Amino acid sequence: MIDLIAQALVSGIVVGLIYSLIALSVVAIYKSTDVVNFAGGDTVMLGGYLALLAMLGFGWGYASAFVFAAVCTFAVAVAFDRLILDKVLGRAMPGQSIMVSMVIATVGLSYLIKGLIRVVPATEEVQRLPPLFTGDPVFIGPAILQRQDIGIAVISILIILAVGAIFRYTLAGKALLALAENPRAAVLIGIPAKSMRSIVWGLASLVAALAGVLLAPKLLLTPDMGEIVMMAFAAAILGGFTNLPGCIAGGIILGITQNMVGLFLSSQAIAVAPFLMIMLVLVLKPEGVFGGKPRMKKV
């Protein structure tokens, strides 16, 4: 039994790190723009299909596929912000809240991505990318890990560290944090809000696409793959929807919890676990386990 628990724990951490990447994408946009991005899951799916196109269509390797998926999704997200969200913001009346319109726009983007993917003939068949890494499994105590899972975990951690470094050590990252903390003050000191908003949309979508490339060798690629965004919402709510490190911890906790539920209860209960966790957190600690004290905000 100890061997099974160790296996579930290690495997849960690997899956949880991917959840953390998607949650990081969702939380970064919400923290900077107050918009809940319901297209986050379909951006993950788009990243997987772009990697499939790069590898099977162009004959590229994984390194090129990662870059191709990242660049394309960054461009799509920036175009969406400039062509759609900017117009929605520009038509807002003084004192009018447009958050609902912004959220509906992200829902529209979700359906647009899914619809465009469905019309591509190759997507009618279920696809899967080749293994990220091959070789003999690695033993970590009583647990067994495939080299692909180790690679996924390492790459996920590197992406998380890179995003953290961008926010902490670059001028653009510090400007984004300032804009998230106090938009009016940030604009008054000369931070270009429009450009920063486009950057955060592009960066967040890039992270989601990379998560999709990491998922593609493990999961079957389908146009409905974007439903995984519910795992990201669960991780973000668990860790605190405005807390970037918290959403990473929330993703890992969620991955481990799902595996433990499958081990001790049943595999059917795995799908229910995230939603049960969302309800418990919202009832017991609405700001999230790592969210800190809630703040009052003028609207």
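All of the numbers you see were taken from the coordinates with simple rules; none came from a lab. Since we're looking at a predicted model, the values are computed, not measured. Neighbour counts are summed over all protein chains in view; Cβ atoms, including those assigned to glycine, are modelled from backbone coordinates with ideal geometry.
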Subset of the range 119-141, residues hydroxyl-bearing (Ser, Thr, Tyr) and farther than 30 Å from ILE2 by Cα, comes to THR123
Going through (1) in contact with a Ser or Thr (Cβ under 7 Å, 6 or more places away or on another chain); (2) in contact (Cβ under 8 Å) with a residue 40 or more places away in the chain; (3) not polar (S, T, N, Q) one by one, ALA273 fails only at (2)
So, GLY190, is that one more than 22 Å from the chain's Cα centre (by Cα), at positive phi and touching a residue at least 12 places away in the same chain (Cβ under 8 Å) or not?
no
How many residues does the range 99-139 contain that are in a loop (DSSP other than H, G, I, E, B), in contact (Cβ under 8 Å) with a residue 12 or more places away in the chain and farther than 15 Å from THR222 by Cα?
6
Determine which member of the set MET231, MET225 is crowded, with 16+ Cβ neighbours inside 10 Å, touching a residue at least 12 places away in the same chain (Cβ under 8 Å) and closer than 16 Å to VAL36 by Cβ.
MET231
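With respect to LEU263, determine if the residue is more than 29 Å from VAL88 (Cβ to Cβ), among the hydrophobic types (A, V, I, L, M, F, W, C), touching a Phe, Trp or Tyr at 6+ places or on another chain (Cβ under 9 Å) and assigned to a helix (DSSP H, G or I).
On the way: more than 29 Å from VAL88 (Cβ to Cβ): yes; among the hydrophobic types (A, V, I, L, M, F, W, C): yes; touching a Phe, Trp or Tyr at 6+ places or on another chain (Cβ under 9 Å): no; assigned to a helix (DSSP H, G or I): yes.
So LEU263 does not fit the description; no.
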Being in contact with an Asp or Glu (Cβ under 8 Å, 6 or more places away or on another chain) and not in a helix (DSSP H, G or I) is the filter here; which residues of the range 219-240 pass it?
GLY240
Considering only residues that are of a type in the set (S, T, N, Q) and within 23 Å of TYR19 (Cβ to Cβ), look in the range 117-170 and name the one that is surrounded by the fewest Cβ atoms within 10 Å (Cβ to Cβ).
GLN127
When restricted to TYR62, TYR49, the only residue within 20 Å of PRO223 (Cα to Cα) and hydroxyl-bearing (Ser, Thr, Tyr) is TYR49
